[in-house]
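First comes the structure, then the notes that go with it.
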Amino acid sequence: MSTVKANTLQSTAGAATVLTGQEAPKHWISVTYSGGTPTNEHSLNVSSIADTAAGECTVTFSTAFSAATDYCWVSGTLNTNASQESITCYVKAASNYKSYNFNTSGAGGLDPEGFYVVSIGDLA
């Protein structure tokens, strides 16, 4: 078997970088919050993030997945303040997903200190 080594792969049109590997992550993001504003610290396959409400953030992919049902993710949320423990829920579409963080004490939406998501699946 031959080995191919390259720093960058592009589509034949020369546009976006081609993401390869059936089992490889096709998206990941590390988001931190400061004063209620999310910041994309580092990411792959992310075109934008938007803070839409307290405890709610939308992440949009650069390259969409085939369908909302064609990917899964592993996620984590950071809250070091014990009074701000949260439950995180995600709603996904092929081109984006929304994260919702709720205070476990029932106090409503809560911006976490950060959240981290890795997605694996089939790109469009």
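Could you work out how much longer the chain between Ala67 and Glu85 gets when fully extended? Use 0.36 nm per residue separation minus the Cα distance between them, nm to one decimal.
Numbers: separation 18, 0.36 × 18 = 6.48 nm, distance 3.18 nm.
Roughly 3.3 nm would be gained on extension.
Within the set of other residues whose C-beta is less than 13 Å from the C-beta of Glu113, count the net charge using Lys and Arg as +1 and Asp and Glu as -1. Show your work: numbers first, answer last.
On the way: positive: none; negative: Glu41, Glu85, Asp111.
Cβ neighbours under 13 Å give a net charge of -3.
Would you mind calculating the gained length between Lys98 and Ser34 on full extension (0.36 nm times residue separation, minus the Cα-Cα distance), in nm to one decimal? Please report the intermediate quantities before stating the final value.
Details: separation 64, 0.36 × 64 = 23.04 nm, distance 1.86 nm.
Once the chain is fully extended between Lys98 and Ser34, it gains 21.2 nm.
With the other protein chains left in place, how much accessible area per residue, in square angstrom, belongs to region 58-117 at a 1.4 angstrom probe?
Result: 49 Å² per residue.
The values are calculated or read from the model by the stated rules, or taken from the named source; none is laboratory data. In this text, all values refer to a predicted model and were calculated from it rather than measured experimentally. Methodologically, a virtual Cβ is constructed for each residue, glycine included, from the backbone with ideal geometry; neighbour enumeration extends over all protein chains shown. Accessible surface is based on the protein model in full, side chains and every heavy atom, while ligands, DNA and RNA are left aside. Shrake-Rupley method; radii C 1.70, N 1.55, O 1.52, S 1.80 Å.
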